[in-house]
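Encoded as structure tokens, the structure appears first; notes follow it.
The values are calculated or read from the model by the stated rules, or taken from the named source; none is laboratory data. Quick caveat: nothing in here was measured; it's all calculated off a predicted structure. Neighbour counts run over all protein chains shown; Cβ positions are idealised from the backbone, glycine included.
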């Protein structure tokens, strides 16, 4: 009788562990790097606002006060390496209610990365991460070929 009760637990554990492993920041950083390698341009949208708000990506694009476009050929992963490292050094977290988005990054026309809560909460491919350092600080301090 004990074996019958434990069998479902082993099946759940066998399938749950690989699923959790795919949510690591290191894996996400590799996926982001691959997406940037495939893209020929990156656009950053910065929203400056106070109070409670929640924007979808289209609204963020239209309400952004600063927009930075960078055509980078097939070198977007190299140009945006500090952004990749920011994600890599983040912690995987349970997705929060996405509010107070302040930066949106369009990677070509196929990928979107949303940053909220002063750029510390990251939403990439429906998975969430947190970094104590905000993305705006990374961009300001970085060696990017565009100013902010």
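The set of residues from region 55-80 being surrounded by 13 or more Cβ atoms within 10 Å (Cβ to Cβ), out of contact with any strand residue (DSSP E or B) (no Cβ under 6 Å at 6 or more places or on another chain) and over 18 Å from residue 35 (Cα atoms) comprises 59, 63. Under the condition of being closer than 14 Å to residue 30 by Cα and touching a residue at least 12 places away in the same chain (Cβ under 8 Å), the residues counted in region 67-80 number 3. Scan region 94-103 and tell me whether some residue there is at pLDDT 95 or above and either surrounded by fewer than 20 Cβ atoms within 10 Å (Cβ to Cβ) or under 14 Å from the mean Cα position of the chain (by Cα) (or both). Within region 94-103 (the criterion being at pLDDT 95 or above and either surrounded by fewer than 20 Cβ atoms within 10 Å (Cβ to Cβ) or under 14 Å from the mean Cα position of the chain (by Cα) (or both)), the answer is yes, since at least one residue qualifies.
Among the residues of region 81-90, is there at least one that is more than 17 Å from the chain's Cα centre (by Cα) and surrounded by fewer than 20 Cβ atoms within 10 Å (Cβ to Cβ)? Taking every residue of region 81-90 in turn, none turns out to be more than 17 Å from the chain's Cα centre (by Cα) and surrounded by fewer than 20 Cβ atoms within 10 Å (Cβ to Cβ). Taking every residue in region 90-102 that is in contact (Cβ under 8 Å) with a residue 40 or more places away in the chain and pairing it with any residue that is surrounded by fewer than 14 Cβ atoms within 10 Å (Cβ to Cβ), at least 6 positions away or on another chain, the pairs with Cβ-Cβ distances below 6 Å are 99/54. The single condition among (1) closer than 16 Å to residue 24 by Cβ; (2) in contact with a strand residue (DSSP E or B) (Cβ under 8 Å, 6 or more places away or on another chain) that residue 114 does not meet is (1). Scoring residue 121 on the criteria (1) free of Cβ contacts under 8 Å to residues at least 24 places away in the same chain; (2) surrounded by 22 or more Cβ atoms within 10 Å (Cβ to Cβ) leaves a single failure, condition (1).
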